[in-house]
Amino acid sequence: MLIVPTGHWQEQAAPGPRRTTRRERWILGGVLALVAVIVVIVAISFTSKQRTSANGCIDVSAATMIGGSELYRCGTAARDLCSAPSGPGAGDNISFRRALAEACRKAGLPVPSVPG
């Protein structure tokens, strides 16, 4: 059995547009604000350009136990980083050393040997 609130039929059958309540306006405003934020985020993500390893420049992301960092070097700094047997702070981080070697190859720089 369906229980309808008192006055429901009169409200629905009344001529003209229904008035929105204060709560409905708040919800609509919140949804529109959320959509606007999402549109801005998507626009920024499509218009921003990530650096790449090429033309003597390297871009390497290094993940560690306490977070991560991005190394971007060009010219002499990139050659020095690529010619070292392990990058700064690489230590035993084999995945970083592999990523560094790949970035050096893409940039056309000498590649350090990576074990395993």
Single residue of region 1-60 satisfying the filter (surrounded by 10 or more Cβ atoms within 10 Å (Cβ to Cβ) and hydroxyl-bearing (Ser, Thr, Tyr)) that is modelled with the highest pLDDT: Thr20
Members of region 62-82 found to be within 25 Å of the chain's Cα centre (by Cα) and not hydrophobic (A, V, I, L, M, F, W, C), listed by number: Thr64, Gly67, Gly68, Ser69, Glu70, Tyr72, Arg73
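The values are calculated or read from the model by the stated rules, or taken from the named source; none is laboratory data. No experiment lies behind these values; they were computed from the predicted model shown. Glycine gets a Cβ as well: all are built from the backbone with ideal geometry, and neighbour counts include every protein chain shown.
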